[in-house]
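The values are calculated or read from the model by the stated rules, or taken from the named source; none is laboratory data. Keep in mind that this is a model prediction, so the values were computed, not measured. Neighbour counts are summed over all protein chains in view; Cβ atoms, including those assigned to glycine, are modelled from backbone coordinates with ideal geometry. Ligands, DNA and RNA are stripped out before the accessible areas are found, and what is left, the full protein with its side chains, is counted by its heavy atoms. Shrake-Rupley method; radii C 1.70, N 1.55, O 1.52, S 1.80 Å.
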Amino acid sequence: MRQAIMPSPGKIEFVDVPVPTSLKSNEVLLKIQKIGICGSDIHVFHGEHPATPYPVVQGHEYSAIVEAIGKKVVKVRPGMKATARPQLVCGECGPCRRGHYNACQNLKVQGFQAPGVAQDYFVVPEDRLIVLPDSISLEQGVMVEPVAVGAHSTNRSADLKGKNIVVSGAGTIGNLVAQFAKARGAKKILITDVSNYRLEIAKECGIEATLNVNDVPFKDGVKSYFGDEGFQVAFEAAGVQASLDVLIANVEKGGDVVILGVYANNPKINMYYVGEHELNIYGSMMYRHEDYEEAVKMIANGKIQTKPLISKRFPFSDYLKAYEYIDNQKDKTMKVIIDL
Ligand SMILES: NC(=O)c1ccc[n+]([C@@H]2O[C@H](COP(=O)([O-])OP(=O)(O)OC[C@H]3O[C@@H](n4cnc5c(N)ncnc54)[C@H](O)[C@@H]3O)[C@@H](O)[C@H]2O)c1
Ligand SMILES: [Zn+2]
Ligand SMILES: [Zn+2]
């Protein structure tokens, strides 16, 4: 079978490796169909990911068709659509024992610290497998992973029901966080970015209020949208200092700031301000199994839109071209999909 391997930053080589043959009783052989490329993959491609050694096989957001199952597998049958969580956890550390396994002390993510799915067939254990209902397309299946990030992060802070929300950053992640906040009953949602293209996609996904912080200062934008109500929960999904600064400085006293962004440069926060305003800062790390399940449910019932986020598709053999396209398009592209 074909495997795409990245021997060093900026390179992809195709090699021929054997199809996995023997399955353990709890394992499922997947025929990989579509793989999504996200910002973290691009960091790896550029040699700028802090925790990814080379060579690496990428691919952590994907959809597949079940090819074969181990003797004890009950969740799926061959021919069904599926995906799986890419997290390898130890099960023994403190966080794992407390059910906080998405923050496992020994976490390895497939496609980064462990081999990913950029190949024709891939084996996963049943417990990390998620069945995709017939009503979900293979492209929607690819989006389950980032949607699960939205599901998880919008459960981190206080209940969003009736609250006003700001999501800073309208990339794939911020977009899906905003959609989830809406689905969880937030009152008003404002999404910000410096890219009108991305803000337009947020609108297509049903997030009506957008703000380009290059055109209107953040403070003025939130004042004109929320008025005296202000906003109570902020999601940082840009991963830059400027975005974090305006959220901390403007969220209502006693409010919540949820951190999704991965910062290339460690930001400085005015901690005096955090203390004085009694702000709550929450980290948000990927997802747990129930977030994947909720993601599938919310895509299937139409509450989360994924179609407007998909910019372009490339065949497997053009993996490298997909990266070149992303580099050239910059903020004029969102999700790019590799079709096997
Ligand atoms: N915590 C998690 O589990 C998790 C999972 C996936 C991705 N991430 C991280 O979340 C962040 C967002 O991911 P993405 O794939 O959407 O990335 P992305 O780069 O596509 O989106 C970031 C967006 O922020 C915008 N932006 C830049 N400066 C801004 C500013 N000052 N104010 C508002 N917006 C600004 C950019 O124009 C861009 O549209 C990244 O840092 C990524 O590494 C976290
Ligand atoms: Zn990703
Ligand atoms: Zn662990």
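In table form, for the structure just shown:
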| quantity | calculated |
| --- | --- |
| Accessible heavy-atom area order of 40, 22, highest first, probe of 1.4 Å | 22, 40 |
| Estimated D of the chain in µm² per second, where Rh is the Kirkwood radius over Cα pairs and Stokes-Einstein applies at 25 °C, 0.890 mPa s | 119 µm²/s |
| The chain: antiparallel DSSP beta bridges as a percent of all, rounded to 5 | 55 percent |
| The chain: angle of helix 319-329 to the longest principal axis, Cα-based, in degrees nearest 10 | 20 degrees |
| Rounded to the nearest 20 debye, dipole of region 150-283 from Cβ charges on Lys, Arg, Asp, Glu | 280 debye |
| Approximate spin-label separation residue 106-residue 220, in nm, with each point projected 7 Å along Cα-to-Cβ | 5.5 nm |
| Phi-based couplings in Hz for region 14-20 (Karplus 6.51, -1.76, 1.60; Gly and Pro marked x) | 9, 10, 9, 10, x, 5, x |
| Cα gyration tensor shape of region 202-340, rounded if a/c is under 1.5, else prolate or oblate by comparing a/b with b/c | prolate |
| Accessible surface of the chain [probe 1.4 Å, protein heavy atoms]: carbon and sulfur percent | 51 percent |
| Among 213, 247, 176 the positive-end extreme of the charge dipole of region 150-283 (Cβ point charges) | 176 |
| Value of relative contact order over the chain, rounded to a whole percent, pairs C-alpha under 8 Å and six or more apart | 17 percent |
| Ellipticity estimate at 222 nm from DSSP helix runs (n ≥ 4, -39,500 (n - 2.57)) divided over the chain, nearest 500 | -8000 deg cm²/dmol |
| Convex hull volume per residue in cubic angstrom - Cα atoms of region 39-156 | 137 Å³ |
| Segment residue 14-residue 135, length gained on full extension (0.36 nm per residue, minus Cα span) | 40.3 nm |
| Residue-normalised accessible area of the chain, expressed per residue, 1.4 Å probe, Å² | 45 Å² |
| Taking all pairs of distinct alpha-carbon atoms in region 150-283, Kirkwood radius in angstrom | 14.3 Å |
| Simple label model, 7 Å out from Cα along Cβ direction - residue 197 to residue 212, nm | 1.3 nm |
| Whichever aspartates and glutamates have a C-alpha closer than 15 Å to that of residue 330, once near sequence neighbours (fewer than 8 apart) are set aside | 41, 193 |
| Total charge dipole magnitude, the chain, about the Cα centre, Cβ charges on Lys, Arg, Asp, Glu only, Debye to nearest 20 | 740 debye |
